[in-house]
1. I'd like to know if region 260-273 contains one or more residues that are surrounded by fewer than 21 Cβ atoms within 10 Å (Cβ to Cβ) and of a type in the set (A, V, I, L, M, F, W, C).
2. Before we move on, is LEU66 touching an Asp or Glu at 6+ places or on another chain (Cβ under 8 Å) and farther than 30 Å from GLU231 by Cβ?
3. Criterion first (closer than 29 Å to LEU98 by Cβ, assigned by TED's automatic domain parsing to the domain that holds PRO307 and of a type in the set (Lys, Arg)) does LYS151 satisfy it?
4. Return yes or no: is CYS125 modelled with pLDDT under 95 and not assigned by TED's automatic domain parsing to the domain that holds ILE16?
5. Show the residue pairs that are 6+ apart or on different chains and have beta-carbon atoms under 7 Å apart, the first residue being within region 1-28 and touching a residue at least 60 places away in the same chain (Cβ under 8 Å), the second being of a type in the set (Phe, Trp, Tyr) and surrounded by 15 or more Cβ atoms within 10 Å (Cβ to Cβ).
6. Please determine whether any residue of region 207-220 is polar (S, T, N, Q) and without any contact (Cβ under 8 Å) to a residue 60 or more places away in the chain.
7. Name the residues in region 1-31 that are among the aromatic types (Phe, Trp, Tyr) and in a strand (DSSP E or B), would you?
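The values are calculated or read from the model by the stated rules, or taken from the named source; none is laboratory data. From a predicted model like this one, the values you see are computed outputs, not experimental measurements. Cβ atoms come from the backbone with ideal geometry, glycine included; neighbour counts cover every protein chain shown.
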Amino acid sequence: MQQRELQLRQWLAEVIGNTDFMLEPASEDASFRSYYRLKSKQNTYIVMDAPPSQEDCEPFVKIQHLLSNNDVNVPQIHAFDKTLGFMLLSDFGNVLFLDVLNEDSYNHLYSIAIDELLKIQNIVCSEDVPPYNQQLLSNELALFSDWFIGKHLGLELNKSQQQVMHNVHELLIANALAQPKVIVHRDFHSRNIMLLDEKPGIIDFQDAVLGPLTYDLASLLKDCYISWPEETIHLLVKQYISKYNTINQTELDFDEFIKWFDLMAAQRHMKAIGIFCRLNYRDSKRKFLYDIPRTLNYLIETCNKYPELSDFAQLLSEIQPKIKNL
């Protein structure tokens, strides 16, 4: 047994008071964290293993308290050892929204997910939530060039193409910074929302920031793991706007909002494609490469929709032969 696993089992035995339990992998995370499901005669739990040298659990704890105290359905922390990087959490089961989303269920499921999102967005922000600032947005966009174009496609952009990328970055960052600021979960999608009996369970919230209003809705409705026709997305966006306006006594305009939403989704899709490549080359998590074509298709559709992204659309077409060989 590896030393880390031995430490974890010893810690769990102390926390739950016995050694009569089983551990099995619960999910593969896009980080250095590992998750296990602990099964005992009495109960089941989720165990987080976050090596302190690679992961900081403090943001998870702080955001968990903030969300839980505001009636957002997040796992409860039953035990936590900061020094070791071990955490024992309540178990939300293993049914993801992604597993049950279909033509018959999507309207109801997205409706209750939007209700939970609106709770998050209406939390009064605290100092525990860092800003989604220009530097962070820029760093995320650079992942596309560094890991997708450079590492995955093996291309080096010429000066003209580099200028196009610079202009795209400026446009998407300006769009993000111009929007009203709310708490942003930052990974609010169908693999991080669990189907429960009463209301959805929200997980993987530790990277929350104070940022653009449309970010989480774009993550949800332009999901890297499932796609819907544009008319379906627009109907769901209108549903969100109606609920938001009612709660906040505002008058968000659909035309302005949908442009914020589309350009915000483009920023997220560029970031996601870069992360998928990084997960493959740095962390040997190859399965994420299979989500690139869907995510890239979103990006191309947005570029073709907005004239200010036409140069970027041209750049994507120039590297198209390489893209086809994903």
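1. no
2. yes
3. Here the answer is yes, as LYS151 does meet what is asked.
4. Against the criterion (modelled with pLDDT under 95 and not assigned by TED's automatic domain parsing to the domain that holds ILE16), CYS125 qualifies.
5. Close Cβ pairs satisfying both conditions: LEU8/PHE86; TRP11/PHE86; LEU12/PHE21; ALA26/TYR35; ALA26/TYR36.
6. yes
7. PHE21 - this is the single residue of region 1-31 that is among the aromatic types (Phe, Trp, Tyr) and in a strand (DSSP E or B).
Residue-by-condition table, conditions (1) under 20 Å from LYS119 (Cα atoms); (2) surrounded by 21 or more Cβ atoms within 10 Å (Cβ to Cβ); (3) of a type outside the set (Val, Ile, Thr); (4) in contact with a strand residue (DSSP E or B) (Cβ under 9 Å, 6 or more places away or on another chain):
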| position | (1), (2), (3), (4) |
| --- | --- |
| GLN163 | no, no, yes, no |
| ALA174 | no, no, yes, no |
| PRO180 | yes, no, yes, yes |
| ILE183 | yes, yes, no, yes |
| GLU198 | yes, no, yes, no |
| GLY211 | yes, yes, yes, yes |
| THR214 | yes, yes, no, no |
| GLU230 | no, no, yes, no |
